[in-house]
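Enquirer: One structure, as structure tokens, below. Some questions next.
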Amino acid sequence: MGPVLGAEGCRKAPARRPAPRGLGRAGPMHSLAAGPDCCGGLGNLDFRQADLCVMTWLLGYVDPSDPRFVAAVLAIAFNPLFWNVVARWEHKTRKLSRAFRSPHLACYTLGGAILLLNVLRSHCFMQAMLSQPRMQSLDNPTAYRAGLALLGVGSVFVLSSFLALGFTGTFLGDYFGIFKEARVTSFPFNILDNPMYWGSTANYLGWAIMHASPTGLLLTAVVALIYVVAILYEEPFTAEVYRQKASQACKRS
């Protein structure tokens, strides 16, 4: 979201779990053995040398032992862990709502904490990028414009998601018992699932390309991986929260 590169801790309400997509196959297994391939066959390839070349190239741009890189990875991984643990604890105990004497105030407080953590994450991401080498092949006006376009698209997804969900809908309000009356199906939820997460990822990717940063590209891949894990972890629980709500409504009626 703006300079924060996306405000997370958010899902659409209620979450819809996309159908699994199969992995394409390249053809029957025996087709690989139908005849000799180029280069004299796979047995003549020195995979150890190829791995060494890739590693040498990567380490030429990215130093994973750099404290700023480590801090960025930790910040990326910590944020979804934090909001999921706290929100599930609140759903189970309602202790935050009781402490603040209002589920709305408790949700606003958690949302504020998530925003601050996202500011810290973006700062760590930027510091890690600036501390490590640039890639010359990305350091050109065309790549910069492509990164800027990604940043624009990502910002549209993040901001439109927030406007469609509202503050409590964005920041785990359903875990506090604050539910949307109906499923949000307006833009951008009519285009893709979890647009806040993917918009944030696009923002980070845009920043990485604009700064011609292999470190930024690698960290963006970490962001995407963490979001995939978060989605797999969150969506079944969110669906269960709404199932319980529907069941309680049926009992009262």
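Enquirer: Once R0 is set to 41 Å, what does the formula 1/(1 + (r/R0)^6) return for the Cβ-Cβ distance between residue 163 and residue 134, expressed as a FRET efficiency to the nearest 0.05?
Expert: Here the calculated transfer efficiency is 0.70.
Enquirer: Right, something else. Compute the FRET efficiency between residue 66 and residue 144 as 1/(1 + (r/R0)^6), taking r as their Cβ-Cβ distance and R0 = 22 Å, and round to the nearest 0.05.
Expert: In this case the efficiency is close to 0.35.
Enquirer: Also, quick follow-up: For residue 85, what is the net charge nearby, where nearby means another residue's Cβ is under 14 Å from its Cβ and Lys, Arg count +1, Asp, Glu -1?
Expert: Local charge sum for residue 85: +1.
Enquirer: Give the relative contact order (percent, whole number) for segment 104-236; include only Cα pairs under 8 Å separated by 6+ residues.
Expert: Reported relative contact order: 37 percent.
Enquirer: Is any residue of segment 193-210 close enough, with backbone N under 18 Å, to a label point placed 7 angstrom from the Cα of residue 221 along the Cα-Cβ axis, and if so, which?
Expert: Backbone N within reach: 201-210.
Enquirer: Let me ask you something else. What is the gain in length, in nm to one decimal, between residue 82 and residue 233 on full extension, counting 0.36 nm per residue of separation less the C-alpha to C-alpha distance?
Expert: Between residue 82 and residue 233, full extension yields an extra 53.1 nm.
Enquirer: Sort out for me the Cα centre separation of segment 141-174 from segment 186-215, rounded to whole Å.
Expert: If you average the Cα positions of each part, the centres end up 7 Å apart.
Enquirer: Next up: On the protein heavy atoms, probe 1.4 angstrom, tell me the percent of accessible surface of segment 177-253 carried by carbon and sulfur.
Expert: On segment 177-253, the fraction of accessible area on carbon and sulfur atoms equals 64 percent.
Enquirer: So for the pair residue 109, residue 191, with labels modelled 7 Å out along Cα→Cβ, what separation do we get in nm?
Expert: Taking the two extended label points, one gets 3.6 nm.
The values are calculated or read from the model by the stated rules, or taken from the named source; none is laboratory data. For clarity, every value in this text was computed on a predicted model and none was experimentally measured. Reconstructed Cβ throughout: ideal geometry from the backbone, glycine too, with neighbour counts over all protein chains shown. The protein model used for the area step is the full one, side chains on, heavy atoms only, and it has no ligands, DNA or RNA in it. Shrake-Rupley method; radii C 1.70, N 1.55, O 1.52, S 1.80 Å.
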